[in-house]
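K.L.:
Here you go, one structure.
The values are calculated or read from the model by the stated rules, or taken from the named source; none is laboratory data. Remember, predicted model here, so these are calculated numbers, not experimental data. Quick reminder, even Gly has a Cβ in these numbers, built from the backbone with ideal geometry, and neighbours come from all protein chains shown.
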């Protein structure tokens with residue numbers, strides 16, 4: 001995975017040419033993805049060996065939206081790596097110059113991102129100041145843009161668990177699309193916090209649309225509330241997302257749950273489209289092999305109809321078993 005990430009980065013680098021800001025953002029995104037995938041040591045190494053901090057310093061007097069976003073991304077990553085002082089230093093620099101970026105809505109985004117990071121770092125006063133700046137900048141806008149900006153602030157309050165502020169501000173949004181986005185974000189935040197009844201209440205208040213339920217499902221997956229995610233994915237108009245839940249079960253090593261999910265998926269899909277079930281079979285077979293349950297793994301792999309997915313599973317099983325693939 002790491003090798004492929006490096007290869008993809010090199011490919012995109014060639015396309016970017018001399019666009020240094022875009023390249024810096026891409027590099028940081030790759031490092032951030034490595035951290036999300038659990039490669040903390042590699043992430044630490046790349047941060048220490050990179051010149052990200054020098055790049056950010058070069059943005060200190062810039063109000064460019066892309067550079068502000070990169071600075072905030074690095075602050076988030078440093079906080080996740082338990083480097084609070086470095087994270088706070090970057091936040092202080094960003095909030096000193098983010099008042100007048102190129103695009104007003106981007107300014108609101110930047111202020112909200114900074115507020116959320118400050119809150120997560122335990123700096124309540126700075127978080128309140130950043131939220132106040134975000135709301136002030138949002139109120140300078142009009143029409144649909146005002147609703148969009150307010151919904152960004154709503155999401156920020158929801159992320160830090162201040163649902164009172166989030167709900168009050170969401171109620172002030174006049175556009176239907178802005179309200180939908182705002183309340184969908186609140187529902188997802190409730191879901192992430194494990195407040196299932198509140199999440200469902202908010203979702204029902206805006207019609208339980210697919211967009212809102214998908215946000216809730218992914219919030220449940222992110223916080224390892226897989227059963228709640230599955231309850232959403234098995235709904236008749238949400239079965240396209242069952243493989244996402246299955247992938248989460250696989251990543252968590254819950255292979256039996258994946259097998260059960262395959263049955264649910266096939267009962268709700270036409271046999272003419274076996275690909276999602278085959279993909280889950282491959283995923284579960286590989287997970288069984290990683291758990292040294294080779295009989296279960298090979299039995300499940302033999303039921304895969306897709307030649308590609310079956311080959312992937314058997315090769316992975318062979319690698320775990322340390323035997324040549326020709327044995328299969």
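K.L.:
Specify which of the listed residues (156, 161, 147) is within 22 Å of residue 214 (Cβ to Cβ), surrounded by fewer than 17 Cβ atoms within 10 Å (Cβ to Cβ), at pLDDT 90 or above and not assigned by TED's automatic domain parsing to the domain that holds residue 43.
P.N.:
161
K.L.:
Would you mind finding the one in 166, 130, 134 that is touching a helix residue (DSSP H, G or I) at 6+ places or on another chain (Cβ under 8 Å), without any contact (Cβ under 8 Å) to a residue 24 or more places away in the chain, part of a helix (DSSP H, G or I) and within 30 Å of residue 81 (Cβ to Cβ)?
P.N.:
Sole residue among the options that is touching a helix residue (DSSP H, G or I) at 6+ places or on another chain (Cβ under 8 Å), without any contact (Cβ under 8 Å) to a residue 24 or more places away in the chain, part of a helix (DSSP H, G or I) and within 30 Å of residue 81 (Cβ to Cβ): 166.
K.L.:
Counting residues that are under 30 Å from residue 166 (Cα atoms) and not assigned by TED's automatic domain parsing to the domain that holds residue 311, which helices (runs of 4 or more DSSP H) fully inside the stretch 192-296 reach at least 1?
P.N.:
196-205, 210-222, 226-233
K.L.:
For the stretch 290-307, enumerate the residues that are touching a residue at least 40 places away in the same chain (Cβ under 8 Å) and closer than 20 Å to residue 276 by Cβ.
P.N.:
300
K.L.:
Here is a further query. State all residues of the stretch 115-126 that are assigned to a helix (DSSP H, G or I) and more than 22 Å from the chain's Cα centre (by Cα); if no residue qualifies, say none.
P.N.:
Scanning the stretch 115-126 gives 124, 125, 126.
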